[in-house]
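What follows is a set of notes on a single structure, which appears directly below.
The values are calculated or read from the model by the stated rules, or taken from the named source; none is laboratory data. Being a predicted model, the structure only gives us computed values, none of them experimental. When we count neighbours, we look across all protein chains shown, and the Cβ atoms used for this are built from the backbone with ideal geometry, even at glycine. Side chains are part of the model used for accessible areas, which takes the heavy atoms of the whole protein and leaves out ligands, DNA and RNA. Shrake-Rupley method; radii C 1.70, N 1.55, O 1.52, S 1.80 Å.
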Amino acid sequence: MRIAHSSILTAFATETIGTKVTNPTRFMEVLKAAVAAHDPSTDRQTGQHFIMLPSEVLETVSAGVGRTTKNPEDYVVRMHRGQASLFLKRTCAAPAESCAAIVYTREAYLADPDVMRTPEKFHHISERDCTHVLVAVLAFAGPKAPVGYERFVKNLAGGNNEALALTGDEIRARAVEVVAYWDAWQVVAD
C-alpha cells in the first residue's frame, strides 16, 4: 500500500490551519494499518473512505479546533483559501479526543468532480505511483465537526459526489448541524 498526500493536505506542514500532525512517521504507521483494516462496504461513496483512527494516533496530532472565546488576544489572522480569516491560536486548541482520516482510493480521487475540474490536483496524483490518497486528517475535540460553511456550500454546488445524492431534508439537517457546531467552536492556526 502506498498512500500519497493530496495537494490540498496541510496537516503535515510546519505552520498550518486546523488539525496538525505532530509526529508524521508514527501517524503514517497507524494510518496504513487502519486503511488495510478498513471495510470499503461501509463507504458512502465507492472508494471514499472515512476512517476513524485508533486512540493511539492521538499522541501524533493536535486538534484542529478550540472553544470560541471572547478574548481578541486568542486569535490570529491568516490567509486561507485566498482570503484573510480569523483563527484561534494553536495554544487554544482543545485536546484531541478522536481522529479520522479521509482517504480515497487512487481511482476514486481521480474521478472526484472537484479534482477533475482542477488540473493541478489531478496531475499531482495521476503522475504518482500510489494506491490511496490522504485527503484530510481531522483531529476532533468535543462533538464530531461537520464540514465548514464554505465546504458545505461547495459540496452542494457539485464539489462532491456524496452531496449530489442528498435529499432536501438531509441538506437542511446538515445545515443546522453546521451552524450549531461552528457557533461554539473555532478552527485553530499556528
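Structural remarks
Condition check ((1) within 24 Å of Thr14 (Cα to Cα); (2) touching an Asp or Glu at 6+ places or on another chain (Cβ under 8 Å); (3) among the charged types (D, E, K, R)) across all residues:
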residue: Cys99; (1), (2), (3): yes, no, no
residue: Glu107; (1), (2), (3): no, no, yes
residue: His124; (1), (2), (3): yes, no, no
residue: Thr131; (1), (2), (3): no, no, no
residue: Asp169; (1), (2), (3): no, no, yes
residue: Ala180; (1), (2), (3): no, no, no
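- Selected residue (only one of Ile3, Ile51 is open to solvent by 20 Å² or more (accessible area, probe 1.4 Å), out of contact with any Phe, Trp or Tyr (no Cβ under 7 Å at 6 or more places or on another chain) and either within 22 Å of Asp114 (Cα to Cα) or not polar (S, T, N, Q) (or both)): Ile3
- Count of region 23-48 residues which are open to solvent by 80 Å² or more (accessible area, probe 1.4 Å) and closer than 26 Å to Cys92 by Cα: 1
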